[in-house]
Amino acid sequence: MLKWKEYLIKINDRSYNIFNTVGLEESHLEIPQYLDAVKNAYILIQKLERQGGIDLLMFCMRASQLTATLQSNYRLFREFLCEKKVPIVMVITYLENELGEMDNWWRRNQDILCHQQFRVDGHACITAIRGNCPEWYEESRTTIHNLVKEFTADGQRR
């Protein structure tokens, strides 16, 4: 079942409401559970529309997960729930062990994503773990902040 949690974050003295949704990527969902999750996602989208709309959809995925479920979820949000009206950026996580730059993952997989009909306005290859590469963690934070600033309200490229 799709659940969400709201977070208020600040980036350079601007506040943003971030909604973290979980629950649709579980491959073991039965059809009734999946339909409930879709219904809950629709309720969230409608609620946000009534409160002023959605500026940006960050579609997050693990670097190793190019699955049919991921593709279906992307289409669900892009085409049905957001009706192709909201800029989408893809955030690829779990890249702390990437050789070279984290963005190498994007260069290797960009054509595959395009072939699978993922259409995004921007992307970020990140790590959310400080671990052995604290500089990559800080770089990831900066990359996400820049994406949010570029594609929301004042900086939106439509």
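Side notes on the structure shown:
- Comparison of V120, V91 shows that the only residue that is under 14 Å from Q65 (Cα atoms) and at pLDDT 90 or above is V91.
- Residue satisfying all of: in the range 11-41; modelled with pLDDT under 75 and more than 27 Å from Q51 (Cα to Cα); nearest to the chain's Cα centre (by Cα) among these: E26
- Taking the range 95-134 as the range and being under 30 Å from K47 (Cβ atoms), buried (at least 18 other Cβ atoms within 10 Å of the Cβ) and over 13 Å from the mean Cα position of the chain (by Cα) as the test, only L113 passes.
- Neighbours by Cβ (under 9 Å, 6+ apart or cross-chain): first from the range 3-19, at negative phi; second outside any strand (DSSP E or B) and among the acidic types (D, E): R14/D154; Y16/D55
- Restricted to the range 39-158, the set of strands (runs of 3 or more DSSP E) holding at least 1 residues that are closer than 17 Å to F19 by Cβ and either of a type outside the set (D, E) or in contact with a helix residue (DSSP H, G or I) (Cβ under 6 Å, 6 or more places away or on another chain) (or both) comprises 57-62, 88-93.
- A Cβ distance below 8 Å, combined with a sequence gap of six or more or placement on separate chains, defines the contacts here; from the range 50-74, residues that are farther than 27 Å from S15 by Cβ reach residues that are part of a helix (DSSP H, G or I) and at pLDDT 85 or above in the pairs A63/W105; L66/N109; L66/I112; L66/L113.
- Of the listed requirements (1) in contact with a helix residue (DSSP H, G or I) (Cβ under 6 Å, 6 or more places away or on another chain); (2) assigned to a strand (DSSP E or B), T21 misses just one: (1).
- Which listed residue is of a type in the set (S, T, Y) and more than 19 Å from G53 (Cα to Cα), from T142, T152: T142
- Scanning the range 123-147 for residues being hydrophobic (A, V, I, L, M, F, W, C) and modelled with pLDDT of 90 or more gives a total of 6.
- Of all residues in the range 144-153, none satisfies being closer than 14 Å to Y94 by Cα and either within 17 Å of the chain's Cα centre (by Cα) or small (G, A, S) (or both).
- Boolean, E83 is acidic (D, E), out of contact with any Phe, Trp or Tyr (no Cβ under 6 Å at 6 or more places or on another chain), at pLDDT below 80 and under 23 Å from H115 (Cα atoms): yes
The values are calculated or read from the model by the stated rules, or taken from the named source; none is laboratory data. Only a predicted model underlies this, so the values are computations on that prediction, with no experimental measurement involved. So basically every Cβ, Gly included, is an ideal-geometry build from the backbone, and we count neighbours across all protein chains shown.
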